[in-house]
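Student: Dropping a structure here in structure tokens format, bear with me for questions.
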Amino acid sequence: MQVAHVTARAGRGWVASGFALMRRFPIGMMVVTMCYLLLLVVAAALPMVGAFAPLVLTPFLSVGMMHAVRAIAEQRMPGPQMLLGALRDNGGRAWQPLLGLGLLNAASTVLALGASALIDQGVLFEIASGQMRADDPRLPQAPLLLSALVFLLVYTPMQMALWYSPLFCAWHGLPAVKAMFFSIAAVMRNKWAFLQYALAWMVIALIASVVVQVTKVLLGGSPMLMSLVLSPLSLIVLTALYCSFWPTYREVIVDGNGGQPAGG
């Protein structure tokens with residue numbers, strides 16, 4: 001396994017590739033995305049561990065999502081069963097390092113939220129955990145922008161470590177800590193491409209926000225009509241986002257088998 005160095009403009013290309021991949025099997029991939037989100041919602045509803053279960057499951061399910069997107073890249077129909085693909089990876093042993101990654105993800109998220117709580121007295125933490133109501137009087141007064149920046153500063157190293165490490169564990173057989181190290185190295189080597197990738201998605205999010213506001217005006221703020229329009233829009237953008245993860249892996253991580261990524 002080798003890490004390639006790509007140009008900065010490749011980051012924009014990854015976003016375009018995400019939408020192109022989704023268009024091959026749009027319905028099938030959106031069904032996979034809905035099942036992915038449903039599994040996270042069910043995990044969040046578990047008693048006692050619901051606040052942390054989605055964070056622990058994310059590395060495992062992200063591998064499943066890449067099984068689905070790889071199927072699209074190979075002109076095969078994706079299906080929800082692919083979300084459990086990590087169970088078969090690395091001879092059925094991939095779940096062990098993936099569990100370790102999930103626990104580290106949960107711990108780092110709590111640490112980042114704890115750091116942000118020093119700024120906003122825990123408001124961001126309560127929002128993230130669903131404990132705060134929209135009419136809470138503390139909400140307008142909380143310095144959420146600053147606390148969000150603190151959260152990002154603390155959590156970004158873990159996000160870099162988790163970008164490739166689930167696939168490194170599942171498809172390349174690396175232990176969790178080594179996979180995280182190589183993931184950070186791969187992201188840093190291509191930092192300008194990832195910066196353009198992030199900026200491109202920020203522009204798309206801004207455009208989507210404008211569409212939401214225009215739609216709200218045109219529909220007169222009707223909750224039902226807004227839901228009928230915005231739910232599909234959100235699903236399309238989210239599905240394209242997940243699909244765009246594949247080219248970030250495919251173009252940067254080169255396996256020894258003629259450039260083909262490993263996989264179960």
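The values are calculated or read from the model by the stated rules, or taken from the named source; none is laboratory data. Computed from a predicted model, the values in this text were never measured in an experiment. In this analysis, Cβ positions are derived from the backbone assuming ideal geometry, glycine residues included, and neighbour counts consider all displayed protein chains. The protein model used for the area step is the full one, side chains on, heavy atoms only, and it has no ligands, DNA or RNA in it. Shrake-Rupley method; radii C 1.70, N 1.55, O 1.52, S 1.80 Å.
Student: Non-local amide H neighbours of Ile253 (under 5 Å, H modeled in plane, Pro and chain starts lacking H): which ones?
Tutor: Result for Ile253 returns Ala4.
Student: Moving to a separate point now. Given N residues in the chain, what is Rg(Cα) / (2.2 N^0.38 Å)?
Tutor: 1.04
Student: Here's something else I'd like to know. If each of Val177 and Leu199 carries a label point 7 Å out from its Cα toward its Cβ, how far apart are those two points in nm?
Tutor: Result: 3.7 nm between the two label points.
Student: Determine ³J(HN,Hα), in whole Hz, for all residues of the range 39-47 in sequence, where each value follows from phi through the Karplus function 6.51 cos²θ - 1.76 cosθ + 1.60 and θ = phi - 60°; x replaces Gly and Pro.
Tutor: Using θ = phi - 60°, the values come out as 4, 5, 5, 4, 5, 5, 8, 5, x Hz.
Student: So what's the net charge close to Trp171: Lys and Arg +1, Asp and Glu -1, counting the other residues with Cβ under 13 Å from its Cβ?
Tutor: +2
Student: Taking the mean number of other Cβ atoms within 10 Å as a proxy for protection, how do you rank 163-170, 104-111, 238-245 from highest to lowest?
Tutor: 163-170, 238-245, 104-111
Student: Given a 1.4 Å probe and every protein chain left where it sits, what share in percent of the accessible area of the chain is carbon and sulfur?
Tutor: Exposed carbon and sulfur together represent 72 percent of the surface.
Student: Fully extended, how many nm does the chain gain between Gln121 and Val210 (0.36 nm per residue separation, minus their Cα-Cα distance)?
Tutor: 28.9 nm
Student: First obtain the Kirkwood hydrodynamic radius of the range 9-85 from its Cα pairs, then insert it into the Stokes-Einstein equation at 37 °C and 0.692 mPa s, and state the resulting D in µm² per second as a whole number.
Tutor: 247
Student: If you don't mind, another one. By average Cβ neighbour count within 10 Å, what is the ranking of 9-19, 151-161 from highest down?
Tutor: 9-19, 151-161
Student: Shifting gears a bit: State the extension gain, in nm to one decimal, for the chain segment bounded by Trp192 and Gln159, taking 0.36 nm per residue of separation less the distance between their alpha-carbons.
Tutor: Gain in length upon complete extension: 10.3 nm.
Student: Could you grab the relative contact order for the chain? Cα pairs under 8 Å, six or more apart, rounded to a whole percent.
Tutor: Once divided by the residue count of the chain, the mean separation gives 34 percent.
Student: Which value, in Å² and to the nearest 10, is the accessible area of His67 when all protein chains are kept and the probe is 1.4 Å?
Tutor: Counting only protein heavy atoms, the figure is 20 Å².
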